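Enquirer: Dropping the structure in here first, questions after.
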Amino acid sequence: MLPCLWCRAPLRFLPGRGWTHLEGGTYVVYCPSCGWKGAPYPSPSRCPRCGSRQLRDDHCATPRRS
C-alpha cells in the first residue's frame, strides 16, 4: 500500500475504481458544521455525524511515490 500524498493515510488500488482510501472512497470529505472528516463509499450527501448538507471535498486519493 502506498500512502496518500495529502493525508499520509494508506491507500489501496481497486480495479475499476483506482486509488481509494481504506474506507472505500476516492475523496475525503469534511463537514464544516461539526468537523467530521472521512472517505466513505459512496460519498454521503449528508454528514453522518450531524446531518448537515454542507459537506465539502478535502482531497482526492493520490498516492505518494518515492
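The values are calculated or read from the model by the stated rules, or taken from the named source; none is laboratory data. Predicted model only: the values in this text are computed from it and were never measured. Cβ coordinates were reconstructed from backbone atoms using ideal geometry, including for glycine residues, and neighbour counts include every protein chain displayed.
One line per residue, one yes/no per condition, for (1) surrounded by 13 or more Cβ atoms within 10 Å (Cβ to Cβ); (2) not β-branched (Val, Ile, Thr):
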{"residue": "Glu23", "(1), (2)": "no, yes"}
{"residue": "Tyr30", "(1), (2)": "yes, yes"}
{"residue": "Arg46", "(1), (2)": "no, yes"}
{"residue": "Arg49", "(1), (2)": "yes, yes"}
{"residue": "Thr62", "(1), (2)": "yes, no"}
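Enquirer: Follow-up. Would you check which residues across the range 34-66 are modelled with pLDDT of 95 or more and of a type in the set (Lys, Arg) and list them?
Expert: Correct list: Lys37, Arg46, Arg49, Arg53, Arg56, Arg64.
Enquirer: Can you run down the residue pairs with Cβ atoms below 8 Å, 6 or more apart or on separate chains, where the first is in the range 45-66 and without any contact (Cβ under 8 Å) to a residue 60 or more places away in the chain and the partner is in a strand (DSSP E or B) and charged (D, E, K, R)?
Expert: From the range 45-66, the pairs are Asp58/Lys37.
Residues are listed down the side, and each one gets a yes or a no for (1) of a type in the set (D, E, K, R); (2) free of Cβ contacts under 8 Å to residues at least 40 places away in the same chain; (3) part of a strand (DSSP E or B):
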site	(1), (2), (3)
Pro3	no, no, yes
Trp6	no, no, no
Arg12	yes, yes, yes
Gly16	no, yes, no
Thr20	no, no, yes
Val29	no, yes, yes
Ser43	no, yes, no
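Enquirer: Which of the residues that make up the range 19-37 are small (Gly, Ala, Ser) and out of contact with any strand residue (DSSP E or B) (no Cβ under 7 Å at 6 or more places or on another chain)? Working first, answer last.
Expert: Initial filter on the range 19-37 (small (Gly, Ala, Ser)): 24-25, 33, 35.
Ser33, Gly35 - these are the residues of the range 19-37 that are small (Gly, Ala, Ser) and out of contact with any strand residue (DSSP E or B) (no Cβ under 7 Å at 6 or more places or on another chain).
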